[in-house]
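Heads up, the thing below is written out as structure tokens.
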Amino acid sequence: MQVSERRIVVLGTGGTIAGRAAAASDNVGYRAGEVPVSDLLRGLPALEGFSIEAEQVAQVDSKDMDFALWCTLARRCAEHLAQPDVAGLVVTHGTDTMEETAFFLQSVLAPVKPVVLTGAMRPATSVLADGPQNLVDALTVAASPLAQGVCVLFAGQVHGPLDVQKVHSYRLDAFSSGDAGPIAHVEEGRLRLMRAWPQGGALRNAASLPPPEQWPRVEIVMNHAGAGGAIVRALVRDGVRGIVAAGTGNGTLHHALEAALVEAQQGGVAVRRASRCPQGRVLPAPGAVLPAADGLSPVKARIALMLELMA
Ligand code: SIN
């Protein structure tokens, strides 16, 4: 196959990168998910040896991301990745739940080719929009023969699906990989690799996901001063299948909340202990009754537990 035949498919899902405001000076009062993904690609520099295709999968503000859209996106990704002439995928996505979608896609696709999520902190109509540069960099990663797995490209950095978190509500470099650091930097169209690309980590196959309405219900409960067990007991009464406790520090829990979680676990609810700290991981303590969440943040531990409970 000739290099000129290779394709990169850009799947649009919405977000601020596709946001539209009434004025070019407005970076806050815009509506996310309005500009078609094909328009976002217009005017970007050509990528030698690759043709770029756009597909609009959805047009949502990612705060409204749901299981049905995750299923659709995973299946569209799987179909494109199976084509031999597709080098990689770019997914345009809102920043608010991007880390969750990245973790979900790695968990159900574990792709050998790159799947690069990107977005923007300023709408497409902004006088200084950050989306176009993020898209150009994301295409660079998707075209790289070195890249593999699901990653997030933002502000010149490539983040892995396990570590990436949105850490700032407004700044253009809103994402961090915490202690792990980025996988790579994109510098003027070149990748500077810092560590290994994501590999494996499949918890379930995208093709075998149950219909969204059958996904097991898993909720997150946060520890805080004065926390109690009432929310946990209400969730158990309501038929919850799993609970992730976003503990303080090393996953510590108020004794009243912990007692309710132990009670829930004894009653058959799956419980995992994560930390609300943005960095570090919960170190499992010997003899701990509530299992730690394997270094995952609360939102990712929730996804992992849902996929585990589907088995
Ligand atoms: C969204 O997550 O869809 C809106 C916010 C953003 O993309 O920055």
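The values are calculated or read from the model by the stated rules, or taken from the named source; none is laboratory data. From a predicted model like this one, the values you see are computed outputs, not experimental measurements. Glycine gets a Cβ as well: all are built from the backbone with ideal geometry, and neighbour counts include every protein chain shown. Just the protein is used for accessible areas: all its heavy atoms, side chains included, with ligands, DNA and RNA removed. Shrake-Rupley method; radii C 1.70, N 1.55, O 1.52, S 1.80 Å.
Just give me the residues in the range 10-33 being farther than 15 Å from ALA138 by Cβ and away from the ligand (no atom under 11 Å from the Cβ), in sequence order.
Selection gives ARG20, ALA21, ALA22, ALA23, ALA24, SER25, ASP26, GLY29.
Considering only residues that are assigned to a helix (DSSP H, G or I) and within 16 Å of the ligand (Cβ to nearest atom), which ones fall in the range 81-104?
Just the residues of the range 81-104 that are assigned to a helix (DSSP H, G or I), to begin with: 81, 98-104.
Within the range 81-104, MET98, GLU99, GLU100, THR101, ALA102, PHE103, PHE104 qualify.
Residue check, GLU48 against (1) away from the ligand (no atom under 13 Å from the Cβ); (2) without any contact (Cβ under 8 Å) to a residue 12 or more places away in the chain; (3) closer than 24 Å to SER126 by Cα, all met but one. Which one?
Against the list (1) away from the ligand (no atom under 13 Å from the Cβ); (2) without any contact (Cβ under 8 Å) to a residue 12 or more places away in the chain; (3) closer than 24 Å to SER126 by Cα, GLU48 comes up short only on (3).
Consider VAL28 carefully, then state whether it is buried (at least 17 other Cβ atoms within 10 Å of the Cβ) and either assigned to a loop (DSSP other than H, G, I, E, B) or within 17 Å of the chain's Cα centre (by Cα) (or both). Let's see the steps before the verdict.
On the way: buried (at least 17 other Cβ atoms within 10 Å of the Cβ): no; either assigned to a loop (DSSP other than H, G, I, E, B) or within 17 Å of the chain's Cα centre (by Cα) (or both): yes.
When the stated conditions are applied, VAL28 does not pass them.
Sort out which residues of the range 266-286 are under 12 Å from ALA245 (Cα atoms) and touching a residue at least 40 places away in the same chain (Cβ under 8 Å), and write them in order of number.
Answer for the range 266-286, where residues must be under 12 Å from ALA245 (Cα atoms) and touching a residue at least 40 places away in the same chain (Cβ under 8 Å): ALA270, ARG276.
Which of the residues spanning the range 59-78 are within 16 Å of the ligand (Cβ to nearest atom), surrounded by 18 or more Cβ atoms within 10 Å (Cβ to Cβ) and not β-branched (Val, Ile, Thr)?
Scanning the range 59-78 gives ASP61, SER62, MET65, LEU69, TRP70, LEU73.
Kindly indicate the residue of the range 180-192 that is within 25 Å of VAL108 (Cα to Cα) and more than 16 Å from the chain's Cα centre (by Cα) and also least open to solvent (accessible area, probe 1.4 Å) among those meeting that condition.
Selected residue: ALA184.
Among the residues of the range 162-173 satisfying the criterion of being touching a residue at least 40 places away in the same chain (Cβ under 8 Å) and within 26 Å of VAL108 (Cβ to Cβ), which is least open to solvent (accessible area, probe 1.4 Å)?
Residue satisfying both the conditions and the ranking: VAL164.
Take the range 5-50 and flag every residue that is of a type in the set (S, T, N, Q) and touching a strand residue (DSSP E or B) at 6+ places or on another chain (Cβ under 8 Å).
Hits for the range 5-50 are THR13, SER38.
Restricting to the range 216-236, name every residue that is under 18 Å from the mean Cα position of the chain (by Cα) and surrounded by fewer than 19 Cβ atoms within 10 Å (Cβ to Cβ). It would help to see each step written out before you state the result.
Looking only at the range 216-236, we keep the residues that are under 18 Å from the mean Cα position of the chain (by Cα), and these are 218-220.
Scanning the range 216-236 gives GLU219, ILE220.
Could you list, in sequence order, all residues of the range 254-311 that are over 18 Å from MET222 (Cβ atoms) and β-branched (Val, Ile, Thr)?
Within the range 254-311, just VAL289 meets the criteria.
Filter the range 106-158 for residues that are within 16 Å of the ligand (Cβ to nearest atom), in contact with a Phe, Trp or Tyr (Cβ under 8 Å, 6 or more places away or on another chain) and part of a helix (DSSP H, G or I) and give the result.
ASN134
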